[in-house]
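Enquirer: Below is a structure I'd like to ask you about.
The values are calculated or read from the model by the stated rules, or taken from the named source; none is laboratory data. This is a predicted model, so every value here is computed, not measured. FYI the Cβ positions are ideal-geometry reconstructions off the backbone, even for glycines, and counts take in every protein chain you see. Keep in mind that these areas ignore ligands, DNA and RNA; they rest on the heavy atoms of the full protein, side chains included. Shrake-Rupley method; radii C 1.70, N 1.55, O 1.52, S 1.80 Å.
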Amino acid sequence: MRSIVQPGPPAPERIQWVAARGRAFSFTLQAGVPLLEAARRGFAEGGFTGGTLSMKGGALGPFAYVMPALSKTSANAAFYSDTFRPAGTTRLKLATMTLGARDGAPFFHCHGLWTEADGRINGGHMLPEDTVVAEPFTVEAFGLDAAAFIAEPDPETNFKLFGPVPATATGTETTSRAFALRLRPNQDFAGALEVFCRERGIIDAKLHGGVGSTIGARFADGRIVEPFATELAVRAGVIVAGAGGALEAELDIALVDYLGGIAEGRLIRGDNPVLMTMELVLEVLGEVTRV
């Protein structure tokens, strides 16, 4: 399987995780409000400080983003492009967000695909402070209790990255057992989730959110993305028993690579290693009964 040398030593724990509780709900992002603040308000109204968000459709403007890029130095294995600020209103196709905190203030990590006012289809990493909701639209959220995503320095990648940490339970209404996860580099996306679930007796789980990067991509239908630096959003994902009874992760994703190529589809299992990070929440839907 492909791998990329990172600038720092690999952390012994390859999956950073925190057990939590959570609840799926929806809310409407308010027009004229920065996307970060609109998301924060929606989670707060649901009784949460953070979690994951999935967006389909919607309009943004002003809008700012970066794309994956090659690193100009040895400080990072890959980097970001200059900032793009398309004029007019940008129409989202899809986007996935992790809402947490950085330097003590709300912050998000959000990847998606969209169509700009001039008709260009692009994708990448949205900038929280420079992106504004242009028209109200409804989004699907999963709020977390007893865990939070906090941006902290990551020596392995030399970036400041979101990772789950324990948080004080607030007592807000929840419906499900959940795990907040961050997958570290150079492990197969599907395989890591399958092992995580198997070790904990989880036999049915649903992904919420899913923001990160893979080293190129290999799809179940045979398509290949060769450029190694990507920005990826999970469209849908489950971990369920396959035809042979073993757990299998079904991961439908959308990505943009550093050359501007866009791809969507189901990832093949066993050949899609994480590049920098992969943040997500697993909602537990079924577990092995222990006597």
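Enquirer: Going by average Cβ neighbours within 10 Å, how do the peptides 235-246, 216-227, 267-278 rank, with the highest at the top?
Expert: 267-278, 216-227, 235-246
Enquirer: Let me know the shape class of the stretch 91-246, please: from the alpha-carbon gyration tensor, a ≥ b ≥ c as square roots of the eigenvalues, rounded when a/c is under 1.5, otherwise prolate if a/b is greater than b/c, or oblate.
Expert: Cα axes put the stretch 91-246 in the rounded bin.
Enquirer: So what is the accessible area of the chain per residue, in Å², with the probe set to 1.4 Å?
Expert: Working: 12040 Å² over 291 residues.
Normalised by residue count, the accessible surface of the chain is 41 Å².
Enquirer: Which residue, chosen from His208, Ile262, Ala169, occupies the Cα position most advanced towards the positive end of the dipole of the stretch 168-291, where the dipole is computed from +1 (Lys, Arg) and -1 (Asp, Glu) charges on Cβ about the Cα centre?
Expert: Comparing the listed Cα positions along the dipole, Ala169 ranks first.
Enquirer: Continuing with the same structure: Cut-off under 22 Å on the C-alpha distance; same-chain residues fewer than 8 positions from Lys93 excluded. Which lysines are left, in chain and number order?
Expert: Lys56, Lys206
Enquirer: Sticking with this one: With a 1.4 Å probe and every protein chain kept in, tell me what percent of the accessible surface of the chain is carbon plus sulfur.
Expert: Numbers: 6450 of 12040 Å².
With neighbouring chains kept in place, the figure for the chain is 54 percent.
Enquirer: So who's got an amide H within less than 5 Å of the one on Ser81, skipping anything under 5 residues away but keeping other chains? H placed 1.01 Å off N, in plane.
Expert: Here the answer is Met67, Ala69, since their amide H atoms fall under 5 Å of that of Ser81.
Enquirer: Toward the positive end of the charge dipole of the stretch 36-98, about the Cα centre and with charges on Cβ (Lys, Arg +1; Asp, Glu -1), which of Phe63, Ala77, Thr49 goes farthest?
Expert: Phe63
Enquirer: Compute, for the chain, the length of the dipole vector about the Cα centre, with Cβ point charges of +1 (Lys, Arg) and -1 (Asp, Glu) only. Units Debye, rounded to 20.
Expert: Numbers: 26 positive and 32 negative charges, 38 e Å.
So the magnitude is around 180 debye.
Enquirer: I would also like to ask the following. Would you work out the charge dipole size for the stretch 189-291 about its Cα centre, treating the Cβ of every Lys and Arg as +1 and the Cβ of every Asp and Glu as -1, and quote it to the nearest 20 debye?
Expert: Details: 9 positive and 15 negative charges, 39 e Å.
It works out to roughly 180 debye.
Enquirer: At a 10 angstrom cut-off on C-beta neighbours, averaged per residue, how do the peptides 256-264, 172-180 rank from highest to lowest? All intermediate terms of the calculation are to be shown ahead of the outcome.
Expert: Details: 256-264: 18.0, 172-180: 19.7.
With the highest mean Cβ count within 10 Å placed first, the list reads 172-180, 256-264.
Enquirer: Roughly how many Å is it from the Cα centre of the stretch 203-230 to that of the stretch 103-181, as a whole number?
Expert: Here the two parts' Cα centres lie 18 Å apart.
Enquirer: Among rounded, prolate and oblate, which fits the stretch 1-43 when a ≥ b ≥ c are the square roots of the eigenvalues of its C-alpha gyration tensor, a/c under 1.5 means rounded, and a/b larger than b/c means prolate?
Expert: Taking the square roots of the gyration eigenvalues as a ≥ b ≥ c, the stretch 1-43 is prolate.
Enquirer: Here's something else I'd like to know. Within 11 Å, Cβ to Cβ, of Asp271, how many net charges do the neighbouring residues add up to if Lys/Arg are +1 and Asp/Glu are -1?
Expert: Values: positive: Arg2, Arg218, Arg269; negative: Asp188.
Around Asp271, the surrounding residues sum to +2.
Enquirer: So if I place +1 on the C-beta of Lys and Arg and -1 on the C-beta of Asp and Glu, and nothing else carries charge, what would the dipole magnitude of the stretch 81-210 be about its Cα centre? I want it in debye, nearest 20.
Expert: The dipole magnitude comes to about 200 debye.
Enquirer: Another question, if that's okay. Need one word for the chain: rounded, prolate or oblate. Basis is the Cα gyration tensor (sqrt eigenvalues a ≥ b ≥ c); a/c below 1.5 gives rounded, then a/b vs b/c decides.
Expert: It is rounded, given that a/c, with a ≥ b ≥ c, falls under 1.5.
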